[in-house]
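The values are calculated or read from the model by the stated rules, or taken from the named source; none is laboratory data. Remember, predicted model here, so these are calculated numbers, not experimental data. Here the Cβ is made from the backbone with ideal geometry for all residues, glycine too, and neighbour counts use every protein chain on show.
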Amino acid sequence: MAAATLALATNPGGYLLVLAIIVPVVGMIASFVAGGRNTERIALAVMPAGVGIALAIAVGVWWEQVPLVYILGGWAPPLGIALRADGFSAVMLVTAALVVTAAGYFARPLFATPLEVAEGRAPLAFWALLLGLWAALNMVFLGGDLFNLYVALELLTFAAVPLVCLDGRPETLRAALRYLLFALIGSIFYLLGVALLYGAYGTLDIVLLAERIRAGSVVAPATLVAGGLMTAGLLAKTALFPLHLWLPPAHANAPAPASAVLSALVVKGSFFLVARLWFDVMPGLASDVAMGLLGALGSGAILFGSVLALRQQRLKLLIAYSTIAQIGYLFLMFPLAAGSEPWNGLAWSGGVMQALSHAFAKAAMFLGAGLVAESLGHDRIADLRGVGRAMPMTLFAFGLGGLSLMGLPPSGGFTAKWLLLQATVDSGQWPWAAIVLSGGLLAGGYVYRVVAPALAGSDLVVKAHPSRRREAIVLTLAVAALLLGFAPPRFLDLLQVGRGIILP
């Protein structure tokens, strides 16, 4: 019971978890109250503070080698609510803080309040929603109660959906409504599963629930049904194939900063909860059939998303379908990481590294595509000849992001896929290795479709050259995806902190 006791008591540094949620919430409220140009100023002031808090949490988890815990109000679960940050939570908090900050500073020219008005609708909505989305993500990464995680998911949805249709065009409104429909259906399934678990075990705290599920001599049918319902709902929110129909129009038609955050972070929130559900709440129920099904869906996403990316005529649509494919790699982790064998740790690290490297690479690629569309007035792939000469830094950043998606060294994507391949070899599950390699080749194909014509020709007419500062933001994100490939072994050790809840 020592592990459970440790997970149900506040420890040093736990207060940082509260700050990670409160700071963006206070910023969002202050931006609404202040209004006008103060909205942007408040948001941009809050973002560096949030980065510092996330880094402090990650350092605390790495230093202590145990999850940070904070019990809200001093009331321990099941009466109270606990916030917890393990290695997975810590690195996701840092990634979210960095990507949101980069997207925010990139968006300044797009969502600045015009001089001739006191307050603009789109700027006010964008900055407030961006902070609200960030707070909801932090709640997802830190929440220790399944119902409160439902609340966090809903806040995340209602912050993300309006970002898709800020310009009010008919196509963006349709995309946002489709996104909302899938998200709400997913929420219903998730909430039904939560209700079943509460009825069966009398608690929704992750630590206590895992303990009670393991203590039962026979698995209740309600537990299996709850796991299936919650997983189905979360897969709809993650846009895993074949529940992906909402993602391409939403991500491709949103403003570039919103697309970057949606693709890099928002879909990772629901994936994070799928991992929490099967590895923390119900590890004993992670049967080969269930995990194999998740792996098969991930494989379908890799192949289907990559093939459709190859067929797209617009740059942002290509990147959006690529997101579907890259999400698939995350679910290859499930059949490989369930258990206590040495290769299970490799697969876990590979899945988390894939989430991190994809976040930075995809944010860079969407922001780069936004610069291309602003400079040319379109994002048609067939008309990108000469972009390499006109916007070399942007194309270079796009290429670095594509390098990570393909899984080529020395990128973070290579490390992620290499760890997954090692796990497949060590466990003897060879079919997953074929999927990983095939996905890398297909990714090379759709990245080449963009880079090859962009490097050819020199007669491109550019309406307006992007600022070096914004290009530097795009390049920084792409370099971050590359630098993950040089992560030391101690970083992989951080990812293992708190992996699963091991109770005697």
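Within the range 61-73, how many residues are farther than 16 Å from Ile21 by Cβ, in a helix (DSSP H, G or I) and in contact (Cβ under 8 Å) with a residue 24 or more places away in the chain?
Count: 3.
Please go through the range 137-157 and pick out each residue that is in contact with a Gly (Cβ under 8 Å, 6 or more places away or on another chain) and among the aromatic types (Phe, Trp, Tyr).
Answer for the range 137-157, where residues must be in contact with a Gly (Cβ under 8 Å, 6 or more places away or on another chain) and among the aromatic types (Phe, Trp, Tyr): just Phe141.
Can you confirm whether Ile188 is among the β-branched types (Val, Ile, Thr), in a helix (DSSP H, G or I) and within 22 Å of Phe158 (Cα to Cα)?
yes
Only one of these conditions is not met by Leu376: (1) over 25 Å from Leu98 (Cβ atoms); (2) modelled with pLDDT of 90 or more. Which number is it?
Here Leu376 clears every test but (2).
Say we look at the range 1-20 and pick out the residues that are at pLDDT below 80 and part of a helix (DSSP H, G or I); which of these is surrounded by the fewest Cβ atoms within 10 Å (Cβ to Cβ)?
Ala2
Here's the yes/no breakdown for (1) surrounded by 17 or more Cβ atoms within 10 Å (Cβ to Cβ); (2) under 23 Å from Ile473 (Cα atoms):
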position: Gly143; (1), (2): yes, no
position: Ala160; (1), (2): yes, yes
position: Leu177; (1), (2): no, no
position: Leu191; (1), (2): yes, no
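Residues being in contact with a Pro (Cβ under 6 Å, 6 or more places away or on another chain) and either part of a helix (DSSP H, G or I) or surrounded by fewer than 24 Cβ atoms within 10 Å (Cβ to Cβ) (or both): count how many of those fall in the range 87-109.
So the count comes out to 2.
Working only within the range 280-313, note down all residues that are modelled with pLDDT under 90, of a type in the set (A, V, I, L, M, F, W, C) and either assigned to a helix (DSSP H, G or I) or closer than 28 Å to Gly402 by Cα (or both).
Answer for the range 280-313, where residues must be modelled with pLDDT under 90, of a type in the set (A, V, I, L, M, F, W, C) and either assigned to a helix (DSSP H, G or I) or closer than 28 Å to Gly402 by Cα (or both): Val281, Leu285, Val289, Ala290, Met291.
Of all the residues that make up the range 166-207, how many are touching a residue at least 40 places away in the same chain (Cβ under 8 Å), closer than 24 Å to Ala239 by Cβ, hydrophobic (A, V, I, L, M, F, W, C) and touching a Ser or Thr at 6+ places or on another chain (Cβ under 8 Å)?
2
Among (1) within 28 Å of Val281 (Cβ to Cβ); (2) free of Cβ contacts under 8 Å to residues at least 60 places away in the same chain, there is one condition Asp426 misses while meeting the rest; what is its number?
Single failed check for Asp426: (2).
Determine if the range 212-225 includes at least one residue that is of a type in the set (A, V, I, L, M, F, W, C), under 19 Å from the mean Cα position of the chain (by Cα) and surrounded by 15 or more Cβ atoms within 10 Å (Cβ to Cβ).
Scanning the range 212-225, I find no residue that is of a type in the set (A, V, I, L, M, F, W, C), under 19 Å from the mean Cα position of the chain (by Cα) and surrounded by 15 or more Cβ atoms within 10 Å (Cβ to Cβ), so the answer is no.
Just checking, does the range 109-129 include any residue being closer than 19 Å to Lys268 by Cβ and within 16 Å of the chain's Cα centre (by Cα)?
So far as the range 109-129 goes, no, none of its residues is closer than 19 Å to Lys268 by Cβ and within 16 Å of the chain's Cα centre (by Cα).
Take residues that are touching a Ser or Thr at 6+ places or on another chain (Cβ under 9 Å), modelled with pLDDT of 90 or more and of a type outside the set (S, T, N, Q) and tell me which of the helices (runs of 4 or more DSSP H) falling wholly in the range 422-504 contain 3 or more.
Result: 430-455, 468-483.
So if I check each of Trp348, Trp343, which one is modelled with pLDDT under 85, of a type in the set (A, V, I, L, M, F, W, C), more than 16 Å from Ala443 (Cβ to Cβ) and assigned to a helix (DSSP H, G or I)?
Only one candidate qualifies: Trp343.
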